[in-house]
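The next block holds one structure in the form of C-alpha cells; read it before the comments.
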Amino acid sequence: MELDRHSHPNASIVDAVIRSRRAVRCFKPDAISRHVIEQILDVARSAPSNSNTQPWRVYVLAGEDKLSLSDALRRAQIEDRHPPLRHLPDPLPDAMRTRQEAFGATYYGALGISKTDIQERARATARNFDFFGAPVGLIFAVDSSLSKYSWLDCGIFIQTVMIAASAVGLNTCPQVSFARYQDVISTHLGFPAGFDVVCGMSLGFADERSALNSLDMAREPVQGFSSFLGFDS
Ligand SMILES: Cc1cc2nc3c(=O)[nH]c(=O)nc-3n(C[C@H](O)[C@H](O)[C@H](O)COP(=O)(O)O)c2cc1C
C-alpha cells in the first residue's frame, strides 16, 4: 500500500512544529516556570542514544544564577585570554563555506554590521552570553571521556528539547559560543570533574518586533544532500 504522508493526521502537526523552529536572537523578558521547562525536558529525555547511555547533562539557569554566569562570561570576554573557539575547521569544505558566508551576510546584514567591523562583531557575539535577553539559559554538558558518537546523542537530545519547546510556542537558540569559556562555565556551575560544554541555549518567547528573528536561513533541497540507491523511480 502506498503511504501518503500528508494524509496522516499527526504529520501536519509534527511538520509544522519542526518547520516553525528557528534560531531566535532577541527575546521578551517574560518568565517561564520551572514546571514548563521540566515538562520540556521530560519529553526530550525520550531521545534515543547509543546503547541507551543518555550521556547528556543540562544546567537550567534563570534569575540571579543566569545573570551571574552572564557576568562571568562578559568579564572573560573582556579579559580576552581564551583563544578563539575553532568550532569549524579552517578552511571549511567549499559547499559549507558558501553557506557559512551566506549566513554571515544575512546575520550581520540584519544587525547592520560590516564584514570588517571587528569591534561591532565582537559586541554581537557578546549578546550570546546574555542569552539574547531570554529569561532562561541552558548549558548542555557531556562527560569528556566520551567520543563524537555520544556528542551525536547530545545533538539529538538538544534538537528534541527545541522541538518540545516549539510545540508550546517557546523559542530557542542553540549556541556553540559558550564552549569557548569551558573553564569559566564548569567552575561557575560546579560541573563534575571531566565534563565538557557541548553548547548553550537561550529559551523564551521571541520578540517578534526584532528583524533578527525573521532571518530565513536557506536550506538545500533534498536532492542536494541525499543519494537514493535501489529505488525504481
Ligand atoms: C550546534 C549549534 C550551534 C550554534 N551556535 C550558535 C551560536 O553560538 N550563536 C548563534 O547566534 N547561533 C548559533 N546557532 C544557530 C545557527 O546559526 C542556526 O541554527 C542556523 O543559522 C540555521 O538557522 P535557523 O536555526 O534559524 O533555521 C547554532 C546552531 C547549532 C545547531
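The values are calculated or read from the model by the stated rules, or taken from the named source; none is laboratory data. Computed from a predicted model, the values in this text were never measured in an experiment. So basically every Cβ, Gly included, is an ideal-geometry build from the backbone, and we count neighbours across all protein chains shown.
Of the helices (runs of 4 or more DSSP H) lying entirely inside the stretch 132-233, those containing at least 1 residues that are touching a residue at least 24 places away in the same chain (Cβ under 8 Å) and over 19 Å from residue 53 (Cβ atoms) are 148-166, 182-189.
Exactly one residue out of 192, 221, 174, 135 is at pLDDT below 95 and out of contact with any His (no Cβ under 8 Å at 6 or more places or on another chain): that is 192. Of all the numbered requirements in (1) modelled with pLDDT under 95; (2) surrounded by 12 or more Cβ atoms within 10 Å (Cβ to Cβ); (3) under 20 Å from the mean Cα position of the chain (by Cα), residue 56 misses one, and that requirement is (1). Annotation: of all residues in the stretch 123-162 being of a type in the set (Ser, Thr, Tyr) and within 22 Å of residue 184 (Cβ to Cβ), the one that is surrounded by the fewest Cβ atoms within 10 Å (Cβ to Cβ) is 145.
Please specify each residue of the stretch 182-233 satisfying the condition of being small (Gly, Ala, Ser), under 22 Å from residue 171 (Cβ atoms) and either more than 15 Å from the ligand (Cβ to nearest atom) or surrounded by 17 or more Cβ atoms within 10 Å (Cβ to Cβ) (or both). Full working, then the answer.
Just the residues of the stretch 182-233 that are small (Gly, Ala, Ser), to begin with: 186, 190, 193-194, 200, 202, 204, 206, 210-211, 214, 218, 224, 226-227, 230, 233.
If we keep only those that are under 22 Å from residue 171 (Cβ atoms) as well, we get 200, 202, 204, 206, 210-211, 214, 218.
Those that are small (Gly, Ala, Ser), under 22 Å from residue 171 (Cβ atoms) and either more than 15 Å from the ligand (Cβ to nearest atom) or surrounded by 17 or more Cβ atoms within 10 Å (Cβ to Cβ) (or both): 200, 202, 204, 206.
Can you find a residue in the stretch 50-65 that is away from the ligand (no atom under 16 Å from the Cβ), closer than 18 Å to residue 138 by Cα and among the β-branched types (Val, Ile, Thr)? Yes.
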